[in-house]
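What follows draws every value from the coordinates through simple rules; no lab data is involved. Remember, predicted model here, so these are calculated numbers, not experimental data. Glycine also receives a Cβ, built like all others from the backbone with ideal geometry; neighbour counts cover every protein chain displayed.
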Amino acid sequence: MAEATALTLYVDGSCLGNQNVDASTPASWGLVVVLGDSGLGKGSGELHHEEAGPVITSPGAEGFLGAEVGSNNTAELSGFAAALRWLLVEGGEGPAMIRADSTYAGNLASGVWKAKKNRELVANVQTLWREVAALRELSWSHVKAHRGHRWNERADHLASRHASGELPEPLTFWKPGQR
């Protein structure tokens, strides 16, 4: 049985029409923070915080991290950035696990892979990773997408609804798999 991590952050990204993307393509990220999650996918643990936001592609805009376009990949990386920022500001102490369905974003964020695109965005996310890792034990793990994992599905729901300009369903009404 998997050991429970005190703090687990699920991130996901969404992009509308993820082909021929540019700086104006709507893309968003979702973040779900769970206390006491076992990581087994059955939705254990307690929701502590959730939010969603846009991929910011305008260099002069507040929160700009270097995303050149709105895409699934920049949304996933922006989700990692949101999780890392949350850990720096709100996250308290103790180990933290970020779970994502994008091996691309996880391996770039943690510095395992070298960026070939969106280098400025990746460099800024890696800087955030190093800042958080200097303060606490930090790791990430892959979770399979669209397999009914409650918290990953919730992060997907938040991201896709934000990208569509819709409010998310409240957790009490939401069913996993509902976009």
Exercise for the section: Out of all DSSP beta bridges with both ends in the range 5-163, state the antiparallel percent to the nearest 5. Expected result: 65
Practice task
Could you calculate the FRET efficiency of residue 44 with residue 127 from 1/(1 + (r/R0)^6), where r is the beta carbon distance between them and R0 is 35 Å, rounded to 0.05?
Solution key: 0.65
Problem - P(r) tail fraction, the range 9-63 - alpha-carbon pairs more than 18 Å apart, % - result: 48
Handout entry: Under 14 Å, Cβ to Cβ, from residue 118 - net charge with Lys/Arg +1 and Asp/Glu -1
Key = 0
Problem - Compactness index (Cα Rg / 2.2 N^0.38 Å), the range 5-163 - result: 0.95
Exercise for the section: Could you line up 154, 119, 136 from fewest to most neighbouring Cβ atoms inside 10 Å? Expected result: 119, 136, 154
Fill in the blank from the handout: Cβ-Cβ cut-off under 15 Å around residue 59, Lys and Arg +1, Asp and Glu -1: the net charge is -3
Exercise for the section: Per residue of the range 63-70, in order, report the coupling 6.51 cos²θ - 1.76 cosθ + 1.60 (Karplus, θ = phi - 60°) as ³J(HN,Hα) in whole Hz, putting x for Gly and Pro. Expected result: x, 5, 10, x, 5, 7, 9, x
Completion exercise
Output for the range 52-102: GluC sites (Glu not before Pro) sitting in coil per DSSP, at most 15 other Cβ within 10 Å, listed by number, reads 62, 90, 93
Exercise for the section: Using per-residue counts of other Cβ atoms within 10 Å, averaged over each peptide, order 155-165, 104-114 from highest down. Expected result: 155-165, 104-114
Exercise for the section: Excluding residues on the same chain fewer than 8 positions from residue 116, give the aspartates and glutamates whose Cα lies under 15 Å from its Cα. Expected result: 68
Exercise for the section: Sticking with the crude label model, points 7 Å out along Cα→Cβ, report the distance from residue 117 to residue 35 in nm, one decimal please. Expected result: 4.0
